[in-house]
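Enquirer: One structure follows; several queries about it will come next.
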Amino acid sequence: MAILSIQSRVSYGYVGNSIAVPAIQATGLEVWPLDTVSFSNHPGHGQFKGEIRSAAELEAQIDGLTALGVLDGISAVLSGYLGLPGTAAVVAAAVDRTRDSNPGLPFVLDPVIGDNGRHFVRKGVAEAICEELLPRADIVTPNLYELGVLCGAAIPDEADVITEAARTLIRKSGLMAVAVTGIERAGMVSNLLILEETSYETMTPRLDRGFNGTGDLFAALLTAWFVRSGDIRSAFARAAGGLDAATRITAQAKRMELDLPAILKSLKTLCPAALVQGH
């Protein structure tokens, strides 16, 4: 079993494929990374150097995998940070190619658009995600701001409103599930898994520091555990548990970049997070 992971790459720190690849491998799966950008570090540091890879470069790499015949062995596709609007069409084509041989192949879309009220992707990327990738997705993993972008209106941090917005998106786009991450309220951080008929929540105390790459880690773990189990509730619980462990370990080390070596050790013995059933 292997996952095709199409997202960013950095030299310093752990975001995009830099965290997704080792996290997926820690679950016992193979992962084939396609890097949409190659940066020195996460742009959140205030400066970075590097290049955004063109759609043509990514298409050529996918053509090479197709020529080898190995795309037939893919068990899921995961996409994250795109870099350019045109990259969305490349991801869409990759999903379609893999589904030629495996029509039921799951596509997990991490719609990396922004957070805390602001976009941090190039103009046109959000629209490309909504037009090209959302209709093909089975599972999406937005933060609250990104859920609002996908739905076309800002969403307040109220569980009932979030759930209804996600279910509207499920019905409109034919999704299996929406997993909304990093909802902050009353000193807690909540993650919500919304299905068409029910929802589940995990909650942990909010840590007084920010981290890079937590959304990328969650999406990678959710994808991997869903491939392994076929059970979205179990995958969500394990991904949320892994995310909680990762932030606690990193906070103890007083780091902003995830403490990857210690996190990988914890993933080998991790117990799933407790699920609270909603409506």
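The values are calculated or read from the model by the stated rules, or taken from the named source; none is laboratory data. These numbers come from a predicted model, not from an experiment. Here the Cβ is made from the backbone with ideal geometry for all residues, glycine too, and neighbour counts use every protein chain on show. Surface accessibility is based on the protein's heavy atoms, side chains included, excluding ligands, DNA and RNA. Shrake-Rupley method; radii C 1.70, N 1.55, O 1.52, S 1.80 Å.
Enquirer: Determine the relative contact order of the stretch 139-241: mean sequence separation of Cα pairs under 8 Å and six or more apart, normalised by residue count, in whole percent.
Expert: Computed over the stretch 139-241, the figure is 20 percent.
Enquirer: A further question follows. Against the globular-protein guess of 2.2 N^0.38 Å, express the Cα radius of gyration of the stretch 1-60 as a ratio, rounded to two decimals.
Expert: Taking N as the residue count of the stretch 1-60, the ratio is 1.18.
Enquirer: Here's a follow-up. Select from Leu134, Leu147, Leu65 the residue whose mean-square fluctuation is largest in a Gaussian network model of the chain (Cα-Cα springs shorter than 10 Å).
Expert: Result for the chain, Cα springs under 10 Å: Leu65 fluctuates most.
Enquirer: Moving on to the next point. Computed over the Cα atoms of the stretch 1-123, what is the convex hull's projected area averaged over all directions, in nm²?
Expert: The orientation-averaged projected area of the Cα hull of the stretch 1-123 comes to 7.9 nm².
Enquirer: Straight distance only, please: which lysines reach the Cα of Lys254 with their own Cα at less than 28 Å, same-chain residues fewer than 8 apart left out?
Expert: Lys49, Lys265, Lys268
Enquirer: With the full set of protein chains in place, find how many percent of the accessible area of the chain is carbon and sulfur; take the probe as 1.4 Å.
Expert: Answer for the chain: carbon and sulfur cover 51 percent of the accessible area.
Enquirer: Got the relative contact order for the chain handy, in percent, Cα pairs under 8 Å and 6 or more residues apart?
Expert: Reported relative contact order: 17 percent.
Enquirer: Determine the dipole magnitude for the chain: charges of +1 sit on the beta-carbon of Lys and Arg, -1 on that of Asp and Glu, nothing else is charged, the reference point is the Cα centre, and the result goes in debye to the nearest 20.
Expert: Roughly 660 debye, rounded to the nearest 20.
Enquirer: What number comes out for the charge environment of Ala262, summing +1 per Lys or Arg and -1 per Asp or Glu over other residues with Cβ under 11 Å away?
Expert: Residues close to Ala262 contribute a combined charge of +2.
Enquirer: Right, here's the next one. What is the sum of charges, Lys and Arg at +1 and Asp and Glu at -1, for the other residues whose Cβ falls under 14 Å from the Cβ of Arg9?
Expert: After counting each charged neighbour, the total is -2.
Enquirer: Take each of the peptides 251-261, 2-12, 228-238, 75-85, average the number of other beta-carbon atoms within 10 Å over its residues, and list them starting from the highest.
Expert: Going from most to least packed, we get 75-85, 2-12, 228-238, 251-261.
Enquirer: Also, quick follow-up: Suppose every Lys and Arg Cβ carries +1 and every Asp and Glu Cβ carries -1, with no other charges. What dipole size does the stretch 123-215 come out with about its Cα centre, to the nearest 20 debye?
Expert: Computed charge dipole of the stretch 123-215: roughly 160 debye.
Enquirer: Count the net charge of all other residues whose Cβ sits under 12 Å from the Cβ of Asp72, scoring Lys and Arg as +1 and Asp and Glu as -1.
Expert: Computed value for this residue: +1.
Enquirer: Shifting gears a bit: Relative to the Cα centre, what is the charge dipole magnitude of the stretch 1-82, using +1 at the beta carbon of each Lys and Arg, -1 at the beta carbon of each Asp and Glu, and rounding to the nearest 20 debye?
Expert: 320
Enquirer: Tally the DSSP beta bridges in the chain and give the antiparallel ones as a percent, rounded to 5.
Expert: 50
Enquirer: At a threshold of 8 angstrom on Cα-Cα distance, excluding pairs fewer than six apart, so keeping six or more, what relative contact order does the stretch 191-256 reach in percent?
Expert: 34
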